[in-house]
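Student: Handing you this structure, nothing more for now.
Rule-based calculations on the coordinates, nothing more; no lab input. All values reported here derive from a predicted model rather than from experimental measurement. Neighbour counts are summed over all protein chains in view; Cβ atoms, including those assigned to glycine, are modelled from backbone coordinates with ideal geometry.
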Amino acid sequence: MIDLPPRGPSLETRPIPDKRFFNVCSFGPARSVNDLDLLVRPSDFSDDSESYIQWFERERHCIVGILSHIQTHQNDTSCSSGSDSTDPTWGYYVFVTSYTESAQELEAAIEVLVQLTLRNLRHLSPSLYSEEVSKRFKLDAIQNREALEDASEDRVREEFRAQLRGLGMREGDIMSRVTGSNHSSACILLDGCAISQLSCISLPLNEEENEIDNGVYVTMIDPKWDYPIQPYPNTVKGCATYLGEDECPAEYLSKLYIIMEGDMTKCEDKEADRQKGDYDM
């Protein structure tokens, strides 16, 4: 039996309600997107079937994968309640846990996350698919000092679940690792250190330069994870047990979304590649 760290103590001293209705502040192109055409057909963009097949085989797990995931989730939830089921966007909730003076750079920090993601999408595929995926990207920032100041990973996880319940998601959908909604498969815990590091990043004007590697990571929280009696299968790497969180390079939020397909445990399979400096699909 592997000993796990205790739950965050604030869960006992400040219990979290079953449902939350946090106000959000959206960042990214999709903050103004209403109804988008979800039926993007790859054949519309190429008259050469042979070259299309070669291109599609190379790109289908990347940019097209995001569009496919959005469509699949909407098909699976078309009969369920909740605003998330008809949302044509993708991205993450950002739970802000720092409210010091340094956190005044929050807006700049999140805008850097947005721009890093958009640049990474264009780097993956400079195509109409990339433009479509970029239009649908947004980050929903949640600030609530009383609930989130210095919050632990455990508390952010529970607050995230409560927010999803408040949006009308059913418990079974929140905890299912088979499918995940466009914004509910993981969230970002943004603390003071990450805010300071991100806000100091200066993006080069020339996007043709080498892919940005700024060494800044953000903490991703898995809402589907809970303290197990025993470790989940395939989540013990050497002496490390998966604890429902991961550190993601700030510029790879789109890659993470593609890898996990609604299940953050899939990212653990990429950990060895990341340590070797290879974070490709």
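Student: If the chain between Arg14 and Ser152 were fully stretched, how many nm would it gain, using 0.36 nm times the residue separation less the Cα-Cα distance?
Tutor: So the chain would gain 48.5 nm between Arg14 and Ser152.
Student: Same structure again: Tell me the GluC sites (Glu not before Pro) within the range 101-157 that lie in a loop according to DSSP and have at most 16 other beta-carbon atoms within 10 Å.
Tutor: Glu149
Student: Could I ask something else about it? For Asp226 and Asn144, what is the calculated FRET efficiency with R₀ set at 22 Å and r taken between the beta-carbons, to the nearest 0.05?
Tutor: That gives a FRET efficiency of 0.45.
Student: Counting only residues 5 or more places away or on other chains, whose amide H sits under 5 Å from the amide H of Val94 once H atoms are built in the peptide plane?
Tutor: Counting only residues 5 or more places away or on other chains, the set is Asp140, Ala141, Ile142, Ile188.
Student: Would you calculate the separation in nanometres between label points at Thr100 and Glu247, each defined as 7 Å from the Cα along the Cα-to-beta-carbon direction?
Tutor: About 1.9 nm, to one decimal.
Student: Moving on. Along the Cα→Cβ direction, 7 angstrom out, place labels at Met175 and Leu203. What is the inter-label distance in nm?
Tutor: Here the modelled spin labels are 3.9 nm apart.
Student: How many nm is it between the label spots at Leu128 and Asn23, if each spot is 7 Å from the Cα in line with the beta carbon?
Tutor: 4.1
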